[in-house]
1. Please state which of the following conditions GLU303 fails to meet, knowing it meets all the rest: (1) more than 30 Å from ASP381 (Cα to Cα); (2) in a loop (DSSP other than H, G, I, E, B).
2. May I ask you to list the residues in segment 180-204 that are touching a residue at least 12 places away in the same chain (Cβ under 8 Å) and among the small types (Gly, Ala, Ser)?
3. Residue check: is GLU92 of a type in the set (Asp, Glu), part of a helix (DSSP H, G or I) and more than 30 Å from ALA10 (Cβ to Cβ)?
4. Does at least one position in segment 217-228 carry a residue that is over 30 Å from PRO273 (Cβ atoms), buried (at least 17 other Cβ atoms within 10 Å of the Cβ) and in contact (Cβ under 8 Å) with a residue 12 or more places away in the chain?
5. So, in segment 249-258, how many residues would count as being out of contact with any helix residue (DSSP H, G or I) (no Cβ under 6 Å at 6 or more places or on another chain) and buried (at least 24 other Cβ atoms within 10 Å of the Cβ)?
6. So is LEU246 more than 20 Å from SER52 (Cα to Cα) and in contact with a helix residue (DSSP H, G or I) (Cβ under 9 Å, 6 or more places away or on another chain) or not?
7. Being more than 27 Å from TRP125 (Cα to Cα) and modelled with pLDDT of 95 or more is true for just one of LEU103, LEU96. Which residue is that?
8. Is it true that some residue in segment 377-400 is loosely packed, with under 11 Cβ neighbours inside 10 Å, closer than 30 Å to CYS293 by Cβ and in contact (Cβ under 8 Å) with a residue 40 or more places away in the chain?
Amino acid sequence: MRKIPKPPKADDPRLAVKVGSVTFPNPFMVASGPTVKWKEQLVMAEACGWASASLKLAFDPEPYISLPPRYRYFKKEAYHAFTAEKRLTFKECLQLLQEGRKLTRRLILLANITYIGDKPGLTGWIEMAQQAEAAGAHVIELNMCCPNMSFNVAMTESARTEQTGASMGQNATAVSMITEAVKQSVKIPVFVKITPEGGRIAEVAKACYDKGADCVCSVANRLAIADFDIENPKQGPYRLQDEPTLACFSGPWIKPLALRDVFEIRRKAGPGPAVLGTGGIASARDAIQMIMCGADLIGVCTETMLKGFDFLPRWLKGMSDFMDRHAYQSCRDFRDLAVGRITSADKLTLHGGYAEVDLDKCTGCTLCEAVGHCNAITIVDKKSHIDRTKCTACSTCVEVCPEEAIHMVDAGVLEKKS
């Protein structure tokens, strides 16, 4: 374990976020994962300025998939994947909550729980939540998202106890029913962590809010297949693992999907409920974008796995500087700014124009001429020439030019929004 750093400067009060009865000193949470399963990690997170931590997923009864972890970070593609993971038993979760409360002063602890037993009705979920509350949890986080638990694809009332993770998380009725029961059984806030698998994240979120959820947590992780060796397709790309498999994918590449998830939840739920956005956050700028798409809190997992915890002070300063530039007095001042601007294709304002070449920069490399859908570009005397009458103004040539020798000329509004 690294040496614990000096505590960061006093919190910027403008960054505080209140959800239910709990006030988070800033929006940043260490999201549930491998960096929140030991007491030492909780101490380190608090020392680095994190407002909260959602403990590693805990099951009751003992997990039926809990294997030594296998991870891989694909640097070129900027995605992280895991195929196997070690979960906490519920007993370990309760112990970690107790230890975390003793060792930290202000860190807000979330008990991230899933019930997979056969107790009648919703008794199992209720008992887990009540025990976690008694052990010191500040917040209950109901996990309805774990992607690699989703091999159980059916969801029926008669088979409810056989369903977990992303399988259950797609069912608005089941998730909201559990949410309501747990919310009524504890005094602390209840968060619900739901899945994008199935494409129903906004619908499920709204059902949870309707049943009293204090916050819904989006999870951008997707089940996917990693790059593999076509000469040996039977061997998976993961070290110390033989078979290829569907893996849980995260990392910077997933941020555009994560922004969409949060946007859809916010648009469906309206401005009132709290949203915790996660997925691909790797800078203060990413976090600001997530807030502009509707998030109140920001969960970060992959970045902590790769870099630890001590980058957060830089992010906090970056956010404070951003707020200074725009005279924002709270995160709420810029939350949702992108939500009202996301426009459907039938209402876009398009500008006419064409691509133009700076002949002094152009080297005649032919990359722009090779663009397959364009019939406007030719190479003459080792220079690119663009026929304005044929140019559709798509701007692909701007992106492929290695010399930045092409730019778009705006000829004015082509079509106004209806």
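1. Checking GLU303 against (1) more than 30 Å from ASP381 (Cα to Cα); (2) in a loop (DSSP other than H, G, I, E, B), the one that fails is (2).
2. Start the filter on segment 180-204 by keeping residues that are touching a residue at least 12 places away in the same chain (Cβ under 8 Å), which leaves 180-198, 200-204.
ALA181, SER185, GLY198, ALA202 - these are the residues of segment 180-204 that are touching a residue at least 12 places away in the same chain (Cβ under 8 Å) and among the small types (Gly, Ala, Ser).
3. Values: of a type in the set (Asp, Glu): yes; part of a helix (DSSP H, G or I): yes; more than 30 Å from ALA10 (Cβ to Cβ): yes.
Answer is yes for this residue.
4. First, the residues of segment 217-228 that are over 30 Å from PRO273 (Cβ atoms): 225-228.
From the residues that got through so far, the ones that are buried (at least 17 other Cβ atoms within 10 Å of the Cβ) too are 226.
Cutting the leftovers down to in contact (Cβ under 8 Å) with a residue 12 or more places away in the chain gives us 226.
Checking segment 217-228: at least one residue is over 30 Å from PRO273 (Cβ atoms), buried (at least 17 other Cβ atoms within 10 Å of the Cβ) and in contact (Cβ under 8 Å) with a residue 12 or more places away in the chain.
5. Within segment 249-258, residues that are out of contact with any helix residue (DSSP H, G or I) (no Cβ under 6 Å at 6 or more places or on another chain) and buried (at least 24 other Cβ atoms within 10 Å of the Cβ) number 2.
6. Values: more than 20 Å from SER52 (Cα to Cα): yes; in contact with a helix residue (DSSP H, G or I) (Cβ under 9 Å, 6 or more places away or on another chain): yes.
In short, yes.
7. Working: LEU96 fails: more than 27 Å from TRP125 (Cα to Cα).
Step by step, each of LEU103, LEU96 is checked, and only LEU103 is more than 27 Å from TRP125 (Cα to Cα) and modelled with pLDDT of 95 or more.
8. no
The values are calculated or read from the model by the stated rules, or taken from the named source; none is laboratory data. Only a predicted model underlies this, so the values are computations on that prediction, with no experimental measurement involved. Glycine gets a Cβ as well: all are built from the backbone with ideal geometry, and neighbour counts include every protein chain shown.
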